[in-house]
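Undergrad: One structure follows; several queries about it will come next.
The values are calculated or read from the model by the stated rules, or taken from the named source; none is laboratory data. Computed from a predicted model, the values in this text were never measured in an experiment. Methodologically, a virtual Cβ is constructed for each residue, glycine included, from the backbone with ideal geometry; neighbour enumeration extends over all protein chains shown. To get the accessible areas, we keep the full protein, side chains included, count just its heavy atoms, and leave off ligands, DNA and RNA. Shrake-Rupley method; radii C 1.70, N 1.55, O 1.52, S 1.80 Å.
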Protein chains: 2
Amino acid sequence: MSNLDQLKTELAGLQLEDNPQIVKQKSRDFFWYSPVLKQQLDHVTGDLVVTPKSEEEIIQVLKACYALDIPVTTRGAGTGNYGQAMPLSGGVILNLAELNKVKSIRPGVVVVEAGAIISKIDEECRAHSGQELRLHPSTYRTATIGGFIAGGSGGVGSINWGGLRDLGNVIRLRVLTMEAEPRVLELTGEDLHKVMHAYGTNGIITEVEMPLTAAYDWVDVLVGFDEFMDGVQFADRLGNQDGLLVKEIAPIAAPVPHDYFLRHKKFIRKDQSVVVCMVASFAMDAFAAFVRRNSKASILYRSDLADEADVKSLPPAYELAWNHTTLRGLRVEPGITYLQVLYPFPDQIEKVRTMVELLGDEVPAHLEYVRFDGKITCFGLPIVRYTTEERLNEIIKLHEDNGCPVFNPHRYTLEEGGMKQTDEVQLAFKKEADPKGLLNPGKMIAWEDPSYDYKSDKLFLFPGLQPA
Amino acid sequence: MSNLDQLKTELAGLQLEDNPQIVKQKSRDFFWYSPVLKQQLDHVTGDLVVTPKSEEEIIQVLKACYALDIPVTTRGAGTGNYGQAMPLSGGVILNLAELNKVKSIRPGVVVVEAGAIISKIDEECRAHSGQELRLHPSTYRTATIGGFIAGGSGGVGSINWGGLRDLGNVIRLRVLTMEAEPRVLELTGEDLHKVMHAYGTNGIITEVEMPLTAAYDWVDVLVGFDEFMDGVQFADRLGNQDGLLVKEIAPIAAPVPHDYFLRHKKFIRKDQSVVVCMVASFAMDAFAAFVRRNSKASILYRSDLADEADVKSLPPAYELAWNHTTLRGLRVEPGITYLQVLYPFPDQIEKVRTMVELLGDEVPAHLEYVRFDGKITCFGLPIVRYTTEERLNEIIKLHEDNGCPVFNPHRYTLEEGGMKQTDEVQLAFKKEADPKGLLNPGKMIAWEDPSYDYKSDKLFLFPGLQPA
């Protein structure tokens, strides 16, 4: 009897799925945004999907897999873009979709199971006491909170609260270790960084305690500009308006808004750049006054004054932003891809201008304004009209040579997609919490190849990656 | 029959007070923080206090005073420090204390009459839906919302929301003009600046619509440092923590905390500088982690872990900060006074250091961290061990020569206490709304002496100031 068969026997009481087509479907995320990852990972699949209904069932899975040396890759909704939740060496897909209960809500705080869908959490918090989460990805309506914490970094709301990495944006994580006898740990404060944004390589997050903020009616607004850089100036000033409550500011260069936002197309000229905003309803007078200060800005659409039919048929503004911009682009032009860039304060505007001038129509700009270390600056998720991997790497190098770090979404490891160095805290915790290295193998270079040279420009190839 | 007697006859149905002692008391604010204003204004008094109970009654007062050429000085609670509400030419004190109803509360918005006490508004908003105002002065428990808007600039909460001047921090003002037939105006957006921070010189604010934010249990924390500048570094970094929700950050140099904070003295060494903080209760784990990152910081007091008896007997943290620091100082050392300084971003820390080194124990530092044009920086309300007016002016000049603008709290005019230039918007609105110049005379130089030269270093002396 193979290890896998033995595992199935041991977990007979749990919800298991081994239909290869379904298992493969549950082994994928949005890695195919990247033509590079698409080629590398398209064949990747796990062997078995287990969908536990409780923490006890997860412990049962972990114990069994530990004993049988079977890898475990934890999965939320599979909305990542870096192959975060793809089982490079096969094994078990631990699907937390059924661990989705909101356990308690009080002023400023929600406690929730890791597999809960982010928009569902907000629905409950709004109904309970007019509250909502501080941050969410553009995959608000599909992503899980645990997946966001394990594989995301920020998103809508980051203009007010920075990113998940910032102290205070996660209050507590309940984490299971991958040992003969899994331990239950409650992490707070500095300890949170042991498992946050670790792709589930060093523990299983089962429950999270998150800060809440006030929920308001957010008005979706599109502001149009003839020149993209005027839109950037506008966005930068708007982000620095201390009293004007917004939740999202995304300048997007023409012709992306017209060409990719199919249902908003009628509001946008092809040569118009757009700043996508979400504004608190009670701030709309102030917002309109702010727009009137800028002779180059014109409001193309605001949901609070729109026809009811439009409001119903249009996607929400957050589904035009962050990686939904790319997603909409891929539907229209399947050949595109994207990058993730930081334009560091205080030179963000000049750096954006430099990259726009250098790369023009090959890399149409898409910025996301955020608070970063206390300052308003922007990330970029520019569209890349992809030709070759070589040219893609040149474009990345051009950004880095111009002082704009790239969080490379064409790599599947934590380090290459992130800070390009070993995270000693996460590595040390993995040694404790996953001594056999069974959790999501191949994602942490520091574990797989401690001698890897991040300055080598060499692609890390995980030796355990299942052959195509 | 004098004009005043005729006024009393015409307003016979209203609540009037002409007992000279009470009238004088209602003619004063906290101008005596300044030895200069104390000398200039100590004798100032109105002739009659009128306390209307409705907007209709205010209109009755304005019509009568307009017809009789009697000045009207509007008063909230008299908690200003610049003589904002002192009737330099006598006349009517329009006391709005009875116009204090909370009219409606919805998510993000409260509508309230101008005379409502700020803490009372918050009590109602908290009970209604867990909300509170964004900003309040340290005189939270006594000041009115209308007085704050007409004569204040920011305070507790400005670390998150900037100042009242920022678009979005006031939604709507209902304003009466001083004409034969007073008009009722509803101002929003850009128009708000016509009457905000105009000391009631160009209209009577009767109703305000303010944005609300989420109310939390705020934990009062005192963090101690051996060196003041280490406290400043800590405060600066704390203000730049995007995910750590605080409402107040005030570094105060030794020996002020020990010597002036009598009920907190037991927690503080004489040579210890302190950073006074208010932190959301659910952020205390993150806050403690943040403090542990700084080897020079130690938590001296936190209200969430304090004895119940302490919590009951100690004043709240906001009553150690802003101008309550000065007030506590005046009780211990009546000879002191203070300044209001801006240390502009990005050199705020170096500018603070320069001023501390230049002025030492003569001007013990007290900073208030705020968001200002999108950046975290600090205002100062340093204690000044006052000797002469000449030396005070030297100290002011030293600040300005070192790039730290002073909002001079030793002047009673809008311009000298503010931007040192004519506010054309306010002046134009005064011409419309107060054609006879009867509202709070002597406070707007641009009205009284259009040829006044702000660069002359000459003190503006209002010719209409009643003789001592």
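Undergrad: Suppose each label sits 7 Å from its Cα in the direction of the beta carbon; what would the B:S119-B:R269 distance come out to in nanometres?
TA: About 3.3 nm separates the two model spin labels.
Undergrad: Something else about it: Ignoring ligands, DNA and RNA, what percent of the 1.4 Å accessible area of the range B:102-214 is carbon and sulfur? Provide the component values of the computation, followed by the final result.
TA: On the way: 1670 of 3220 Å².
It is 52 percent, rounded to a whole number.
Undergrad: What's the magnitude of the charge dipole for the range A:386-468 around its Cα centre, counting Lys and Arg as +1 and Asp and Glu as -1 at the beta-carbon? Answer in Debye, nearest 20.
TA: Computed about the Cα centre, the dipole is about 200 debye.
Undergrad: If you don't mind, another one. State the three equivalent ellipsoid semi-axes of chain B, derived from the C-alpha gyration tensor as the square roots of 5 times its eigenvalues, in descending order and whole Å. Kindly include the intermediate steps, with their values, before the conclusion.
TA: Details: eigenvalues 281, 128, 78 Å².
The equivalent ellipsoid of chain B has semi-axes of 37, 25, 20 Å.
Undergrad: Label position 7 Å from Cα toward Cβ: report the copy-to-copy distances for A:R141 in nm, one decimal, ordered from shortest.
TA: Sorted ascending, the copy-to-copy spacings read 5.0 nm.
Undergrad: Here's a follow-up. Distance between Cα centroids, the range B:352-397 to the range A:112-147: provide it in whole Å.
TA: Between the Cα centres of the range B:352-397 and the range A:112-147 lies a distance of 45 Å.
Undergrad: Modelled label-to-label distance, B:D361 and B:V311, 7 Å Cα→beta-carbon offset: nm?
TA: Taking the two extended label points, one gets 3.9 nm.
Undergrad: Shifting gears a bit: Treating cross-link reach as a plain straight distance, find the aspartates and glutamates whose alpha-carbon is under 18 Å from the alpha-carbon of A:K53, omitting any fewer than eight places away in the same chain.
TA: A:E10, A:E17, A:D18, A:E98, A:E113, A:E207
Undergrad: May I pose another question? Determine ³J(HN,Hα), in whole Hz, for all residues of the range A:68-85 in sequence, where each value follows from phi through the Karplus function 6.51 cos²θ - 1.76 cosθ + 1.60 and θ = phi - 60°; x replaces Gly and Pro.
TA: Karplus-based 3J(HN,Hα) across the range A:68-85 equals 9, 6, 9, x, 10, 10, 7, 10, x, 9, x, 9, x, 10, 10, x, 3, 10 Hz.
Undergrad: Further question: Among residues other than B:P334 whose Cβ falls under 15 Å from its Cβ, what is the net charge (Lys/Arg +1, Asp/Glu -1)? Display every interim value, and only then the final one.
TA: On the way: positive: B:K38, B:R328, B:R331, B:R385; negative: B:D42, B:D259, B:E333.
Surrounding charge for B:P334 is +1.
Undergrad: How much length is gained on full extension from B:K38 to B:S104, taking 0.36 nm per residue of separation minus their Cα-Cα distance? Numbers along the way, then the final one.
TA: Numbers: separation 66, 0.36 × 66 = 23.76 nm, distance 3.99 nm.
The B:K38-B:S104 span can extend by a further 19.8 nm.
Undergrad: With heavy atoms of protein chains only and a 1.4 Å probe, what residues of the range A:187-221 have at least 40 Å² less accessible area in the full set of chains than alone?
TA: Output list: A:E190, A:Y216.
Undergrad: Additional query: Mind listing the label-point distances from A:R385 to the same position on all other copies, shortest first, one decimal in nm, points 7 Å along Cα→Cβ?
TA: Result for A:R385, in nm, nearest copy first: 7.1.
Undergrad: From the cross-link list A:K312/A:K375; A:K375/B:K270; B:K103/B:K436; A:K8/A:K420; B:K431/B:K458; A:K38/A:K420, which pairs have alpha carbons spaced over 29 Å apart? If you can, show how the numbers build up before the last one.
TA: Numbers: A:K312/A:K375 36 Å; A:K375/B:K270 35 Å; B:K103/B:K436 32 Å; A:K8/A:K420 38 Å; B:K431/B:K458 25 Å; A:K38/A:K420 22 Å.
The answer is A:K312/A:K375; A:K375/B:K270; B:K103/B:K436; A:K8/A:K420.
Undergrad: Here is a follow-up. Please give the per residue accessible area of the protein assembly as shown, computed with a probe of 1.4 Å over protein heavy atoms only, in Å². Please list the in-between numbers first.
TA: On the way: 34470 Å² over 936 residues.
Computed with neighbouring chains in place, this is 37 Å² per residue.
Undergrad: While we're looking at this one, here's another question. Give the Debye-formula value of log10 I(q)/I(0) at each listed q (0.17, 0.19, 0.22 Å⁻¹), with one equal scatterer per alpha carbon of the range A:3-95, two decimals each.
TA: -0.67, -0.81, -1.03
Undergrad: Then there is this: Taking the label point as lying 7 angstrom from Cα along the Cα-to-Cβ axis, what are the distances from A:V311 to the corresponding position in the remaining copies, in ascending order and in nanometres?
TA: Label point to label point, same position, other copies: 4.3 nm.
Undergrad: Rounded to the nearest 0.05, what FRET efficiency do A:R237 and A:N3 have when you use their Cβ-Cβ distance and R0 = 56 Å? Don't skip to the end; give the middle numbers.
TA: Values: r = 60 Å, r/R0 = 1.07.
So the FRET efficiency works out to roughly 0.40.
Undergrad: How many angstrom separate the Cα center of the range A:77-111 from the Cα center of the range B:445-459?
TA: 66
Undergrad: OK, next. State log₁₀ I(q)/I(0) for the range A:102-214 at q = 0.11 Å⁻¹ as given by the Debye formula over alpha-carbon point scatterers of equal weight, solvent excluded.
TA: Reported log10 I(q)/I(0), two decimals: -0.31.
Undergrad: Highest mean first, how do A:8-14, A:455-461, B:213-219 rank when packing is the count of other Cβ atoms within 10 Å averaged over residues? Please report the intermediate quantities before stating the final value.
TA: On the way: A:8-14: 13.7, A:455-461: 10.4, B:213-219: 19.7.
Top of the packing list down: B:213-219, A:8-14, A:455-461.
Undergrad: Looking at the range B:353-388, which residues lose a minimum of 30 Å² of accessible area between their chain alone and all protein chains in place, measuring with a 1.4 Å probe and not counting ligands or nucleic acids?
TA: By number: B:R371, B:G374, B:K375.
Undergrad: Lysines within cross-link reach of B:K430: Cα-Cα under 17 Å, excluding same-chain residues under 8 positions apart?
TA: Straight-line reach from B:K430, under 17 Å: B:K63, B:K194, B:K443.
Undergrad: Ok, one more. Please state, rounded to one decimal and in Å, the Kirkwood hydrodynamic radius that the range B:308-375 gives when every pair of distinct Cα atoms enters the mean of 1/r.
TA: 14.2
Undergrad: Could you report the buried accessible area between B and A, both sides summed, computed with a 1.4 Å probe and given in Å² to the nearest 100? Present the calculation step by step, with values, prior to reporting the outcome.
TA: Numbers: alone 18780 and 18800 Å², together 34470 Å².
Result for this pair: about 3100 Å² buried.
Undergrad: What FRET efficiency, computed as 1/(1 + (r/R0)^6) with R0 = 60 Å and r the Cβ-Cβ distance, is obtained for A:N294 and A:E179, rounded to the nearest 0.05?
TA: Working: r = 58 Å, r/R0 = 0.97.
Once rounded, the FRET efficiency stands at 0.55.
Undergrad: With each label point set 7 Å from Cα along the Cα-Cβ vector, what nm distance links B:E390 and A:K397?
TA: If labels sit at B:E390 and A:K397, their model points lie 7.0 nm apart.
Undergrad: Hey, another quick one. Once both axes come from the Cα atoms, what is the angle between helix B:228-239 and the longest principal axis of chain B, in degrees from 0 to 90, rounded to 10?
TA: Helix B:228-239 and the main axis of chain B meet at about 70 degrees.
Undergrad: Let me ask you something else. May I ask for the equivalent-ellipsoid semi-axes of the range A:44-114, computed as the square root of five times each C-alpha gyration tensor eigenvalue and listed largest first in whole Å? Present the calculation step by step, with values, prior to reporting the outcome.
TA: Details: eigenvalues 129, 53, 14 Å².
Gyration-tensor ellipsoid for the range A:44-114: 25, 16, 8 Å.
Undergrad: What does the convex hull of the alpha-carbon atoms of the protein assembly as shown project to on average, in nm²?
TA: On the way: hull surface 162.0 nm².
Average of the hull's projected areas for the protein assembly as shown equals 40.5 nm².
Undergrad: Can you give me the orientation-averaged projected area of the convex hull built on the Cα atoms of the range B:199-264, in nm²? List each step's numbers first, then the result.
TA: Details: hull surface 32.6 nm².
With the hull built on Cα positions only, its mean projection is 8.2 nm².
Undergrad: In addition: Please work out which residue of chain B brings its Cβ closest to the axis of the rotation superposing B onto A, and round that distance to whole Å.
TA: Here the nearest residue and distance are B:A214, 2.
Undergrad: Next question. What is the packing order of peptides B:164-173, B:81-90, taking the mean over residues of other C-beta atoms within 10 Å and listing the highest first? Walk me through the numbers on the way to the answer.
TA: Working: B:164-173: 23.0, B:81-90: 25.9.
Output ranking for B:164-173, B:81-90: B:81-90, B:164-173.
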